[in-house]
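Below is one structure; the comments refer to it alone.
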There are 2 protein chains.
Amino acid sequence: MDERVSFVDCADGEARQWDHRAGCEVRAVLDRVGDRWSLLALAYLAERTHRFNELWRKIDGVSRRVMTVTLRQLERDGLVRRTVHPTVPPRVDYELTPLGASLHRTVQVLSSWSDRHEAELAAARATYDASVGAA
Amino acid sequence: MDERVSFVDCADGEARQWDHRAGCEVRAVLDRVGDRWSLLALAYLAERTHRFNELWRKIDGVSRRVMTVTLRQLERDGLVRRTVHPTVPPRVDYELTPLGASLHRTVQVLSSWSDRHEAELAAARATYDASVGAA
DNA sequence: CCGCATCCGATAGGATACTG
DNA sequence: CAGTATCCTATCGGATGCGG
């Protein structure tokens, strides 16, 4: 039997910056959407197309610079389509690609897990912290 | 109809450092296992119980300090159980809790998505980079 | 309106040396 | 063996101001 669990071992067709099979598959996703804002942007765009400022205001808390960077990364990965309307003033629409929608749906599974188990996590933390404080 | 997608809107029973409904549920998970090593540790522990150095050597690339911190966090969240054997030399076993195993299984869904779509992601990036280089 | 450039602080995480 | 302590760097992301 294999000594490694599935997503640990991987084909690593293309070398990553962190070599030696570092949980390649999941990491590939997490390295993209594991940051603070990507998933949130994905979520809003899953509803409907948004303009830049529109999205920026909804996510309020992110700086414009980071909003831009985030969207660019998502665009680069083919998760989001960016459409520039050459009007005055300029108008840029962001919408999910089918790939992005697919990822969004997949992430909901994690979201759902979190939802179902957040009480357990909180309880575990409380127990742990108590035992540490007692010690 | 609701203007927000499910995991964007949340009860936020407990305030987070980043207020205003920041994709709470997914973030709750990602804030724990979204780092560089947690998922990898989870993966190895899903195979079987490991001793500290055993795990540390497998994940090779992580420093001992960070390995410790990572495992402590997982323990605090109730995902990993830490057992100290009062022997000489000391021996500490780490194993997944049922909750940890559950999370691991859930994360595999993401892993699987990444597996199925990594080609598309790579293609999208290639296209994007080419169009940027051409411009 | 959109987004880039610059600056700057916070933090994750690596290297190394030391301890029970 | 299983950590802890200290130091240090790299990266992320916020603030602000300019430019098309």
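Only the coordinates and a few stated rules stand behind these numbers; no lab work does. All values derive from a computational prediction rather than experimental measurement. Using ideal geometry, Cβ is built from the backbone for each residue, glycine included, and neighbour counts are taken over all protein chains shown.
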Practice task
Please work out the C-alpha center-to-center distance from the range A:45-106 to the range B:43-89 and express it in whole Å.
Solution key: 39 Å
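Using C-alpha positions alone, give me the convex hull volume of the range B:58-98 per residue in cubic angstrom. Before the final figure, lay out the partial values.
Values: hull volume 3.5 nm³, N = 41.
Here the figure is 86 Å³ per residue.
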Completion exercise
Rounded to one decimal in nm, the spacing of the 7 Å Cα→Cβ label points at B:R48 and A:T49 is 5.6 nm
Exercise for the section: Please work out the Kirkwood hydrodynamic radius for the range A:35-134, using every pair of different C-alpha atoms, and report it in angstroms with one decimal place. Expected result: 15.4 Å
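Where does the range B:21-88 land on the Kirkwood hydrodynamic radius, alpha-carbon pairs, in angstrom?
On the way: mean 1/r = 0.0776 Å⁻¹.
The answer is 12.9 Å.
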Problem - A:R116 versus B:R65: modelled label distance in nm, points set 7 Å from Cα along the beta carbon direction - result: 3.9 nm
